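Before any comments, here is the structure.
The values are calculated or read from the model by the stated rules, or taken from the named source; none is laboratory data. From a predicted model like this one, the values you see are computed outputs, not experimental measurements. Methodologically, a virtual Cβ is constructed for each residue, glycine included, from the backbone with ideal geometry; neighbour enumeration extends over all protein chains shown. For accessibility, only protein heavy atoms count, side chains too; no ligands or nucleic acids. Shrake-Rupley method; radii C 1.70, N 1.55, O 1.52, S 1.80 Å.
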Amino acid sequence: MSADPLWLSSRREFLRRFAGATALLGAKPWLNVASAAAASGAATNADVNASAHSADGAPWFRRCYRWGQTNLTEVDPERFDLPFWRAQWKRTCVQGVVVNAGGIVAYYPTKIPLHRRAAKLGEHDLFGDILRAARADGLAVQARMDSNRADESFYRAHPDWFAVDANGKPYQVTDLYVACVNGPYYDEHIPAILREVATLYSPDGFTDNNWNGPMRHQPCFCENCQAKFRARSGHGIPVKADWNDPVYRDWIMWNYERRLQIWDNFNRITREAGGPHCIWVGMMAGAQNWQSRVFRDDREIYRRTELIMLDDQRRFDGEGFQHNGEIGQRIHSVGGWEKLIPESNAMYHLADHNFRLAAKPPAEVYSWVLEGIAGGVQPWWHHVGSQQPDQRQLHTAQPLWQWHRDHEEFLVNRMPVAQIGLVWSQRNMDFFGRDDGAAQVDDPWNGFMQAMVRARIPYVPVHLDDVERVTRELGLRTLVLPNLAAMSDGQAASLRAFVAAGGSLFATGLSSLCNEWGETREDFSLADVLGVHLPEKHAWRNDALRLRQAKEWTQTYLRLASSRHPVLRGFEETEILAFGGVLEDLRVAEDAVVPLTFIPAIPTSPPEEVWMRVPSTEIPGLVLRELKSGARVAYSPADLDRRFSRENLPDHGDLLRNILLWLARDDVPFIIEGTGLVDAHLYSQPGRRVLHLVNLTSAGTWRTPVHEVIPLGPFQIKVKTENSSRVRSLVSNKPLHGEIRDGWIHFEVARLVDHDVFVLE
């Protein structure tokens, strides 16, 4: 196994090779690397990169696995060092590049009125120069657009093309004006640019950094929007957000539909002008909450697009690196396991403060990128500006992109192996999460994700509309509903059918209590499955239920039943569990088991007052059932998932793990024994399985950025297999000793630095 992570060994080699040259040019240190690279013969990369235009029959968007992007600035036309960047393409083994073309500003001599050329462009064709060089090096080229804003001169020429608030004031981001998605800017101006670029340059495709227009909190009241929405609904644009108003809900769906129209129209234009494979793929974000706020319909877009360009460059402390693995699997589960998902990875420091010219610590970059690769995402490096005063970010990508090239066959075109599906729905984020999606949807989701990662239980995200397809496709036997409140009768019926066929179900919080618009039902739609009913007089009504569930109580507890159920394994020496949530009384089916009940809040001070006035109640905190179909069902009205996400108490994570294993009857595809926080993804390919482990143990796991990687090991691993007898590591490139016993292959991993991939054949 490697003694050092890839980034550390690469840095030493980089400094050794280019040390002497760095002091020579002084005032322009970014040129030193280019000069040294050119001197070493690294002028082109056609000899090492698989051509994006090879004759294997697959289109470019199915075979370009590694990407690079130098996001141009307005001064780059007079300083762009093309020989250096061609050498950088070669060093990082990219197969495609993203190059600024137009939108806010043009990097080619455009003829489109008001399509302003970059400040230092003049008659220079920087986009064309880079495209031709990339083509000569065998690379695919995506023309990068930024389509939703323009400067003041454009706004003054066409104020009716831009979004305005209820008082007629235009929306601005920095000093730029936000374009209306229902006017000529999107129907005429951007299409004209797409046609011009496609006709002049024939790029392989187009991507667009910011194509969605105004966000949800920026309703547009321009004449175009008012006229079109009135023609649709008979009403004007709602002046205020009222989620219980059918007109406001219709406005939400109208905005989603318009973004899909833009997606389809731009694709039609680029294919007509540039050929059948000249696709327009926008860009997408990884966070469900963000996608809802910008009206990007994840499921519909991922199903129709040929390629997903993912702009999700960083982690947040509460989610951790594992969020990137979850993103990849969630997108694949909806869009298809064969599609590629290049993800823009910032080589610069991007956190609460955007230090876009300062290098991000390599350990932070690698942990994020490796989690993405483990989840089925492809690497795409990103720099802002063609000249980098902090040279360290220029060589961060090289070793990992090279490693990816050497082992790409094991990292794409694979199916996940798991028993558990974590169910989600964008409409639940919209109409139940509403303006508090972080508390109502994100936290419960993240709580389950963290619990399963810590327990090394593989899972797959499953969209609520895809339950039948994905469970059949992957053989999933347990589904989890993390506070999935908003669902239609048809969606509830698909879950009921899954349970009737013997599948197990774990629901939490208000799952199935609302219809698809977030309106509260008289009872849970899945009450017959969960074995619980609301009392005749209950407080859960519309917004009140969200407020009550989100309220954070302290000094409340859950009492463990004296007769211990298997889900309480490991809690033998305690009668209580800390719990900071809130519960409502429920009627429970006679065949149900209630291993946890609620204990009301107690005083926190003075210490003499800290004792339980009501040591036990009949209010259920967890309800378990075993049905005649063979299914097992768990329902937790206690928001343990949300609490685990927020408070990180190990008792909550351990209890969620125990419940999941009970539901799955301990039928898991692998077992990993050894200490540390490790995320594990198992995949199936013809004739083999691929196990990817990512080391998430560091002093900065819950605080960005990570400064260093802390090695782990040893691990005892066993993987369920029918035909694998050999194990080899893709990091050390060495075979490991494996033993076949009782349908499992057993092997030991002595040391895990940043990650490793094990091929079982």
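What about Ala227, is it farther than 17 Å from Arg296 by Cα and either open to solvent by 10 Å² or more (accessible area, probe 1.4 Å) or not in a helix (DSSP H, G or I) (or both)? So Ala227 fits the description; yes. Selection of the stretch 442-476 for residues being open to solvent by less than 20 Å² (accessible area, probe 1.4 Å) and either over 28 Å from His692 (Cα atoms) or small (Gly, Ala, Ser) (or both) yields Gly447, Ala451.
Output the residues belonging to the stretch 380-391 that are surrounded by fewer than 20 Cβ atoms within 10 Å (Cβ to Cβ), touching a helix residue (DSSP H, G or I) at 6+ places or on another chain (Cβ under 8 Å) and under 16 Å from Leu350 (Cα atoms).
The answer is Gly385, and nothing else.
When Glu748 is tested against (1) of a type in the set (D, E, K, R); (2) in contact with a strand residue (DSSP E or B) (Cβ under 9 Å, 6 or more places away or on another chain); (3) free of Cβ contacts under 8 Å to residues at least 24 places away in the same chain, exactly one condition is not met: (3).
Just checking, does the stretch 326-340 include any residue being crowded, with 23+ Cβ neighbours inside 10 Å, of a type in the set (Gly, Ala, Ser) and part of a helix (DSSP H, G or I)? Yes, the stretch 326-340 has at least one match.
For the structure I just gave you, tell me whether Pro458 is touching a residue at least 40 places away in the same chain (Cβ under 8 Å) and out of contact with any helix residue (DSSP H, G or I) (no Cβ under 7 Å at 6 or more places or on another chain). When the stated conditions are applied, Pro458 passes them. Screening the candidates Leu526, Leu534, Leu530, Leu560 for the property of being over 34 Å from the mean Cα position of the chain (by Cα), of a type outside the set (D, E, K, R) and at pLDDT 95 or above yields one hit, Leu560. Just one of (1) open to solvent by 10 Å² or more (accessible area, probe 1.4 Å); (2) assigned to a helix (DSSP H, G or I) fails for Leu495. It is (1). In the stretch 694-731, of all residues being within 14 Å of Pro669 (Cα to Cα) and open to solvent by less than 10 Å² (accessible area, probe 1.4 Å), the one that is modelled with the lowest pLDDT corresponds to Ser724.
Within the stretch 87-110, track down each residue that is in contact with a helix residue (DSSP H, G or I) (Cβ under 6 Å, 6 or more places away or on another chain), in contact (Cβ under 8 Å) with a residue 40 or more places away in the chain and outside any strand (DSSP E or B).
Answer for the stretch 87-110, where residues must be in contact with a helix residue (DSSP H, G or I) (Cβ under 6 Å, 6 or more places away or on another chain), in contact (Cβ under 8 Å) with a residue 40 or more places away in the chain and outside any strand (DSSP E or B): Ala87, Arg91, Thr92, Cys93, Tyr108.
Checked against (1) touching a residue at least 40 places away in the same chain (Cβ under 8 Å); (2) part of a helix (DSSP H, G or I); (3) open to solvent by 10 Å² or more (accessible area, probe 1.4 Å); (4) touching an Asp or Glu at 6+ places or on another chain (Cβ under 9 Å), Glu257 passes all but condition (1). May I ask you to list the residues in the stretch 145-195 that are within 24 Å of Trp251 (Cβ to Cβ) and of a type in the set (Phe, Trp, Tyr)? Of everything in the stretch 145-195, those that are within 24 Å of Trp251 (Cβ to Cβ) and of a type in the set (Phe, Trp, Tyr) turn out to be Trp161, Phe162, Tyr171, Tyr177, Tyr185, Tyr186. If the condition is being among the basic types (Lys, Arg) and under 24 Å from Phe61 (Cβ atoms), then the stretch 338-378 contributes only Lys339. Does Gly421 qualify as being crowded, with 23+ Cβ neighbours inside 10 Å, closer than 24 Å to Ala680 by Cα, modelled with pLDDT of 95 or more and of a type in the set (Gly, Ala, Ser)? Answer is yes for this residue. Among residues of the stretch 684-705 that are without any contact (Cβ under 8 Å) to a residue 40 or more places away in the chain, those with a beta-carbon under 6 Å from a residue that is in a loop (DSSP other than H, G, I, E, B) and not basic (Lys, Arg) at least six positions away or on a different chain give the pairs Thr697/Gly676; Thr697/Leu677; Thr697/Ile710.
Within the stretch 87-143, the only residue that satisfies the criterion of being over 18 Å from Thr199 (Cα atoms), open to solvent by 40 Å² or more (accessible area, probe 1.4 Å) and acidic (Asp, Glu) is Glu123. Just wondering, is there one or more residues in the stretch 172-188 that are open to solvent by 50 Å² or more (accessible area, probe 1.4 Å) and assigned to a helix (DSSP H, G or I)? Yes, some residue in the stretch 172-188 is open to solvent by 50 Å² or more (accessible area, probe 1.4 Å) and assigned to a helix (DSSP H, G or I). The C-beta contact set for the stretch 217-243 (first residue over 23 Å from Gln172 (Cβ atoms) and in contact (Cβ under 8 Å) with a residue 60 or more places away in the chain, second residue open to solvent by 50 Å² or more (accessible area, probe 1.4 Å) and not in a loop (DSSP other than H, G, I, E, B), distance under 9 angstrom, 6+ apart or interchain) comprises Trp243/Asp435; Trp243/Asn542; Trp243/Asp543. Do we have any residue at all in the stretch 485-508 that's within 25 Å of Leu661 (Cα to Cα) and of a type in the set (Lys, Arg)? Checking the stretch 485-508: at least one residue is within 25 Å of Leu661 (Cα to Cα) and of a type in the set (Lys, Arg). All of Val719, Val759 fail the test of being touching a residue at least 24 places away in the same chain (Cβ under 8 Å), over 27 Å from Gln402 (Cα atoms), part of a strand (DSSP E or B) and not charged (D, E, K, R), apart from Val719. The condition of being open to solvent by 30 Å² or more (accessible area, probe 1.4 Å), in contact with a Ser or Thr (Cβ under 8 Å, 6 or more places away or on another chain) and among the acidic types (Asp, Glu) holds for only one of Glu618, Glu626, Glu572, Glu584, that being Glu618.
For the stretch 599-615, what are the residues that are of a type in the set (A, V, I, L, M, F, W, C) and either surrounded by fewer than 18 Cβ atoms within 10 Å (Cβ to Cβ) or under 20 Å from Glu536 (Cα atoms) (or both)?
Filtering the stretch 599-615 for residues of a type in the set (A, V, I, L, M, F, W, C) gives 599, 601-602, 610-612, 614.
Those that are of a type in the set (A, V, I, L, M, F, W, C) and either surrounded by fewer than 18 Cβ atoms within 10 Å (Cβ to Cβ) or under 20 Å from Glu536 (Cα atoms) (or both): Ala601, Ile602, Val610, Trp611, Met612, Val614.
Number of residues in the stretch 286-325 that are open to solvent by 10 Å² or more (accessible area, probe 1.4 Å), in a loop (DSSP other than H, G, I, E, B) and either under 25 Å from Leu350 (Cα atoms) or free of Cβ contacts under 8 Å to residues at least 12 places away in the same chain (or both) equals 10.
Any chance you could count how many residues in the stretch 92-119 are at positive phi and touching a Ser or Thr at 6+ places or on another chain (Cβ under 9 Å)?
The initial filter retains those residues of the stretch 92-119 that are at positive phi, namely 93, 103, 114.
From what is left, the residues that are touching a Ser or Thr at 6+ places or on another chain (Cβ under 9 Å) are 103, 114.
Summing the residues that are at positive phi and touching a Ser or Thr at 6+ places or on another chain (Cβ under 9 Å) in the stretch 92-119 gives 2.
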